[in-house]
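One structure is given here, and the rest of the page talks about it.
What follows is calculated from the coordinates using simple rules that are stated; it is not laboratory data. Since the model is a prediction, treat every value here as computed from it, not as a measurement. Every residue, glycine among them, receives a Cβ derived from its backbone with ideal geometry; neighbour counts consider all protein chains shown.
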Amino acid sequence: MGDFAQNGAIATLHDFGTRTTEELESELSVFSGYRPMELILPSLYSELEGDALGHIVEEISKTSYLGHIVIGLDRADRDQYEHAYSFFSRLKTPFSLLWNDGPRLRAIQNELEDKGLAPTEPGKGRNVWYCIGFTNARGKADAVALHDCDVLTYDRRMLARLFYPMANPAFQFEFCKGYYPRVADGKMNGRVNRLLVSPLLMAMEQVLGPSDYISFMRSFRYPLAGEFSFRRSLIPELRIPSDWGLEVGILSEMQRNQASNRICQVDLAETYDHK
């Protein structure tokens, strides 16, 4: 039986298979005229050599509704940066490649460190911190989405469903979190969520009693998912975690700043696997 339950403090947008990818993309192309969309891709250089990213680029290249793509590149020297630029040049959408280990971004990092403002831990959090800042400085997007670059089961329907709640003007959502079953190759994955995060939240509720924060966090089917979308207007009040707690930290910021009826989660895929 297909799942259609609405549990918890936020809306759940299920995928009942009644809309084709082409239908969603056609509507997104219309919405892009008044809600411009930009995609953020935080990436390690090593992911260019993996099995997932080449296919992700091919799938994104089949879309026509994106206005710009911001790619954050970590752990790359100059030759690797130049190779990465050539690699991403296959994209049909204009893109910016932020070379986090390059001299210009290192100079910005040093200046921010002198003022006590720099993110201190290298990794995905710092990468996303700079990418979101760059996207806000560009000032052209209305809807922004972010996903990882190691998704082996990626297809462009995931991207369409991730953007749709932010782009559709009939919806009032300001933040959307993706979810999916962590099942692939005949086995269950997602051990950290199944064996740590979910039991920990349950234990906290039992020990500490009812809490709006715990209820909010337990509403998400997969709180550690790396895929989310949001309205750019949220960025100025968003304390973006720049360390290894990005996914949970972003949700905590949403609970602090936003009404629950402005937040949703969306079913992105029937199966999901990453490296």
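Calculated FRET efficiency, T120 and S233, Cβ-Cβ r, R0 25 Å, to nearest 0.05? Between T120 and S233 the formula returns 0.35.
The label-point distance for Q6 and L105, in a model that sets each label 7 Å from Cα toward Cβ, rounds to 4.1 nm. Place +1 on the Cβ of every Lys and Arg and -1 on the Cβ of every Asp and Glu in region 25-138, take the dipole about the Cα centre, and give the residue among Y34, I108, C131 whose Cα lies farthest towards its positive end. Selected residue: Y34. With the simple spin-label model, which puts each label point 7 Å out from Cα in the Cβ direction, the D185 to D79 separation comes to 3.1 nm. Close amide H pairs (under 5 Å, H built 1.01 Å from N) link L44 with D74, residues at least 5 positions away or on another chain.
In this structure, the amide hydrogen of Y272, modeled 1.01 Å from its nitrogen in the peptide plane, lies closer than 5 angstrom to those of V183, counting only residues at least 5 positions away or on a different chain.
Only helices enter this figure: runs of n ≥ 4 DSSP H residues, each worth -39500 (n - 2.57), summed and divided by the residues of the chain, yield -11000 deg cm²/dmol at 222 nm to the nearest 500. Between F95 and I69, the built amide H atoms are under 5 Å apart, and every one of these is 5 or more places off in sequence or on another chain. Our summary gives region 134-275 a relative contact order of 45 percent, counting only alpha carbon pairs under 8 angstrom and 6 or more residues apart.
In order along region 97-107, phi translates into HN-Hα couplings of 10, 8, 8, 5, 9, x, x, 6, 6, 5, 5 Hz, rounded to whole numbers, per the Karplus curve 6.51 cos²θ - 1.76 cosθ + 1.60 with θ = phi - 60° and x for Gly and Pro.
Placing +1 on the Cβ of every Lys and Arg and -1 on the Cβ of every Asp and Glu, with no other charges, gives the chain a dipole of roughly 480 debye about its Cα centre. Mean sequence separation of contacting Cα pairs (under 8 Å, at least six apart), scaled by the length of region 33-125, corresponds to a relative contact order of 30 percent. Between E270 and T93, the simple label model (points 7 Å from Cα in the Cβ direction) yields a spacing of 2.5 nm. Considering every alpha-carbon pair of the chain, the percent of pairs per 10 Å bin, from zero through the bin containing the longest distance, is 6, 29, 37, 22, 5, 0. Sequence-ordered 3J(HN,Hα) estimates for region 200-213 from the Karplus curve with 6.51, -1.76 and 1.60 and θ = phi - 60° stand at 5, 5, 4, 5, 4, 5, 5, 7, 8, x, x, 8, 4, 5 Hz, glycine and proline given as x.
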